[in-house]
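Colleague: Got a structure for you, questions after.
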Amino acid sequence: MAAIHIPPGWRIPESRATSESAYQNRRAFLKKMGLGTIAVASAAHFPGCGPKAAHTTPTLLPDGPLDTIPKLAPREGYPAMRSRSFDVPERPITTYVAAASYNNFYEFIFDGDLKNVWPLTGAYEPFPMTIAVKGLVEKPFTLDVADLIREMDLEERLYRFRCVEAWSMTIPWTGFPLRRLIERCKPLSSATHVRFVSVNRPKQMPGITKGHWYPWPYYEGLRMAEATNNLAFVATGMYGNPLPKQNGSPLRLVLPWKYGYKGPKAVVEIEFVDRQPPTFWNDLQVKEYGFLSNVNPNIPHVRWTQAKERFISDVDTIEERPTALFNGYSTWVGSLYPDEPTEFTRMVR
Ligand code: MTE
């Protein structure tokens, strides 16, 4: 593997001392995090498929996890006004550097330290990018992402973020409600679900060629009632800035009552359909990842409990907390799921 190594003499300016110290703490941080990842990381799962494909090496090495905001990202509207209805009173905000240096973005990284995505994003140029709107809509069309970001009224929302791997954060996202984008797409009344597809750029994203037996591009789906719920958010930024590349630039979905994998990064296609669409992780491991994937302490992952989570407030500050049903968003979304288990069950949903 053409791994990207941080040069031994790696230095950053004083102004970036936070990211440097965060980086130095990574080892202890990863050790504390303990659990594995959701990746189907071994070719052994797919007999006959070895990692034969050429690996594209990014030519530019970012200075640090906060230096990966694309130069062409629109800056208008940042920092946006925070909407108070979405406060998270019971825990602190995760530091920017922790949220930007502990990531899941398998298009970039396939083996090794899977969370260390940012050093691999150098070749990725998210702008310009377009989103194709298709399927059951009045008329298919294409959106320019930078224009879309400029046209939308941006707001900031503080959301709990819960990964299926049982780690969590609290993140101030900037963006707009997904419902507003859905309205713009003009879906037909026959549409019951909406499907999202992430960008597929093997030359810029080394994990795609390295993990070539994954069913790229990444794809996800929601019921229409979920996609139009007020909590469903399109994030174009975080911590008052446009999204860093590793966090899903140019835009990604954030569904805070669901496990993080339901929120595809770098969306380039939105398709309205009249049945439940297949999803990436469900296709890979049907016994481990369901379609709904609501945060639920009563449904363990087959390999670990979901009753507790490791809350990351900083790279070296991790605290165990109980997991809340719907990640604490029952009042917002509970009515969408009358049969969500409230007692222990092994049923994956
Ligand atoms: N979207 C794409 N395209 N590719 C991915 O690998 N990982 C998912 C989700 N969206 C993923 C993705 C998972 S498993 C999680 S937990 C979140 O992104 C992680 O978001 P973060 O890196 O900003 O914390």
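Colleague: Among the residues in the stretch 327-335, are any within 16 Å of the ligand (Cβ to nearest atom), buried (at least 21 other Cβ atoms within 10 Å of the Cβ) and of a type in the set (S, T, N, Q)?
Modeller: Initially, the stretch 327-335 is screened for residues within 16 Å of the ligand (Cβ to nearest atom), giving 327.
Now drop any that are not buried (at least 21 other Cβ atoms within 10 Å of the Cβ), which leaves 327.
Subsequent filtering for residues that are of a type in the set (S, T, N, Q) retains 327.
Within the stretch 327-335 (the criterion being within 16 Å of the ligand (Cβ to nearest atom), buried (at least 21 other Cβ atoms within 10 Å of the Cβ) and of a type in the set (S, T, N, Q)), the answer is yes, since at least one residue qualifies.
Colleague: Next question, about the same structure. Restricting the search to the stretch 167-182, which residues are over 17 Å from Arg84 (Cβ atoms) and either without any contact (Cβ under 8 Å) to a residue 60 or more places away in the chain or of a type in the set (Val, Ile, Thr) (or both)?
Modeller: Matches in the stretch 167-182: Arg179, Arg180, Ile182.
Colleague: Based on this model, can you work out whether Thr228 counts as surrounded by fewer than 19 Cβ atoms within 10 Å (Cβ to Cβ) and within 16 Å of the ligand (Cβ to nearest atom)?
Modeller: No, not satisfied.
Colleague: Any chance the stretch 285-303 includes a residue that's under 16 Å from Glu220 (Cβ atoms), within 16 Å of the ligand (Cβ to nearest atom), of a type in the set (D, E, K, R) and loosely packed, with under 15 Cβ neighbours inside 10 Å?
Modeller: no
Colleague: Out of (1) near the ligand (Cβ under 10 Å from one of its atoms); (2) open to solvent by 10 Å² or more (accessible area, probe 1.4 Å), what's the single condition that is false for Glu165?
Modeller: Going through the list (1) near the ligand (Cβ under 10 Å from one of its atoms); (2) open to solvent by 10 Å² or more (accessible area, probe 1.4 Å), Glu165 breaks only (2).
Colleague: For the stretch 99-113, what are the residues that are more than 6 Å from the ligand (Cβ to nearest atom) and either open to solvent by 20 Å² or more (accessible area, probe 1.4 Å) or under 18 Å from Gln204 (Cβ atoms) (or both)? So that I can check it myself, show each step before the final result.
Modeller: Here is the first cut: in the stretch 99-113, the residues more than 6 Å from the ligand (Cβ to nearest atom) are 99-102, 108-113.
Within the stretch 99-113, Phe108, Ile109, Phe110, Asp111, Gly112, Asp113 meet the criteria.
Condition check ((1) among the acidic types (Asp, Glu); (2) within 18 Å of the chain's Cα centre (by Cα); (3) in a strand (DSSP E or B)) across all residues:
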site	(1), (2), (3)
Ala100	no, yes, no
Asn104	no, yes, no
Phe110	no, yes, no
Gly122	no, no, no
Pro126	no, yes, no
Ala132	no, no, yes
Leu143	no, no, yes
Leu158	no, yes, yes
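Colleague: Something else now. In the stretch 241-265, which residue that is among the aromatic types (Phe, Trp, Tyr) and closer than 17 Å to Asn229 by Cβ is most open to solvent (accessible area, probe 1.4 Å)? Spell out how you get there, then give the answer.
Modeller: Step one: of the stretch 241-265, the residues among the aromatic types (Phe, Trp, Tyr) are 257, 259, 261.
Next cut, closer than 17 Å to Asn229 by Cβ only: 257, 259.
Values: Trp257: 0, Tyr259: 16 Å².
The qualifying residue most open to solvent (accessible area, probe 1.4 Å) is Tyr259.
Colleague: Can you tell me which residues in the stretch 66-98 are assigned to a loop (DSSP other than H, G, I, E, B) and within 11 Å of the ligand (Cβ to nearest atom)? Reasoning before the result, please.
Modeller: Filtering the stretch 66-98 down to residues assigned to a loop (DSSP other than H, G, I, E, B) leaves 66-81, 83, 87-95.
Passing the criteria: only Thr94.
Colleague: Taking the stretch 170-192, which residues are surrounded by fewer than 21 Cβ atoms within 10 Å (Cβ to Cβ) and within 14 Å of the ligand (Cβ to nearest atom)?
Modeller: Thr170
Colleague: Please pick out the residue among Gly211, Gly240 that is more than 14 Å from the ligand (Cβ to nearest atom) and in contact with a Phe, Trp or Tyr (Cβ under 7 Å, 6 or more places away or on another chain). Give the derivation first.
Modeller: Values: Gly211 fails: more than 14 Å from the ligand (Cβ to nearest atom).
After ruling out the rest, the residue left standing is Gly240.
Colleague: Within the bounds of the stretch 193-208, is there any residue that is open to solvent by 10 Å² or more (accessible area, probe 1.4 Å) and among the hydroxyl-bearing types (Ser, Thr, Tyr)?
Modeller: Taking every residue of the stretch 193-208 in turn, none turns out to be open to solvent by 10 Å² or more (accessible area, probe 1.4 Å) and among the hydroxyl-bearing types (Ser, Thr, Tyr).
Colleague: Moving to a separate point now. Any chance the stretch 133-154 includes a residue that's within 30 Å of Thr317 (Cα to Cα) and within 15 Å of the ligand (Cβ to nearest atom)? Reasoning before the result, please.
Modeller: Going residue by residue through the stretch 133-154, those that are within 30 Å of Thr317 (Cα to Cα) are none.
Scanning the stretch 133-154 turns up no residue that is within 30 Å of Thr317 (Cα to Cα) and within 15 Å of the ligand (Cβ to nearest atom).
Colleague: Could I ask something else about it? With respect to Val268, is the statement that it is of a type outside the set (Gly, Ala, Ser), more than 12 Å from the ligand (Cβ to nearest atom) and open to solvent by 10 Å² or more (accessible area, probe 1.4 Å) true? First the steps, then the outcome.
Modeller: Values: of a type outside the set (Gly, Ala, Ser): yes; more than 12 Å from the ligand (Cβ to nearest atom): no; open to solvent by 10 Å² or more (accessible area, probe 1.4 Å): yes.
No, not satisfied.
Colleague: Another one. Do we have any residue at all in the stretch 219-235 that's within 24 Å of Asp339 (Cα to Cα) and of a type in the set (Val, Ile, Thr)?
Modeller: There is at least one residue in the stretch 219-235 that is within 24 Å of Asp339 (Cα to Cα) and of a type in the set (Val, Ile, Thr).
Colleague: Arg150: of a type in the set (Lys, Arg) and within 18 Å of Lys265 (Cα to Cα), yes or no?
Modeller: Against the criterion (of a type in the set (Lys, Arg) and within 18 Å of Lys265 (Cα to Cα)), Arg150 does not qualify.
Colleague: What about Glu309, is it touching a Lys or Arg at 6+ places or on another chain (Cβ under 9 Å), within 29 Å of Arg150 (Cβ to Cβ) and part of a strand (DSSP E or B)? Steps first, answer last, please.
Modeller: Values: touching a Lys or Arg at 6+ places or on another chain (Cβ under 9 Å): yes; within 29 Å of Arg150 (Cβ to Cβ): no; part of a strand (DSSP E or B): yes.
Criteria not met by Glu309.
Colleague: Could I ask something else about it? Limited to the stretch 183-200, what total is found for residues that are out of contact with any Pro (no Cβ under 9 Å at 6 or more places or on another chain) and touching a residue at least 60 places away in the same chain (Cβ under 8 Å)? Spell out the reasoning first.
Modeller: Going residue by residue through the stretch 183-200, those that are out of contact with any Pro (no Cβ under 9 Å at 6 or more places or on another chain) are 183-192.
Next cut, touching a residue at least 60 places away in the same chain (Cβ under 8 Å) only: 185, 187-188, 190-192.
Adding up the residues that qualify gives 6.
The values are calculated or read from the model by the stated rules, or taken from the named source; none is laboratory data. Quick caveat, the model's predicted, so the values are computed rather than measured. Because the Cβ atoms are built from the backbone with ideal geometry, glycine has one as well, and the counts that use them run over all protein chains shown. Note: accessible area is taken over every heavy atom of the protein model, side chains too, but ligands, DNA and RNA are not part of it. Shrake-Rupley method; radii C 1.70, N 1.55, O 1.52, S 1.80 Å.
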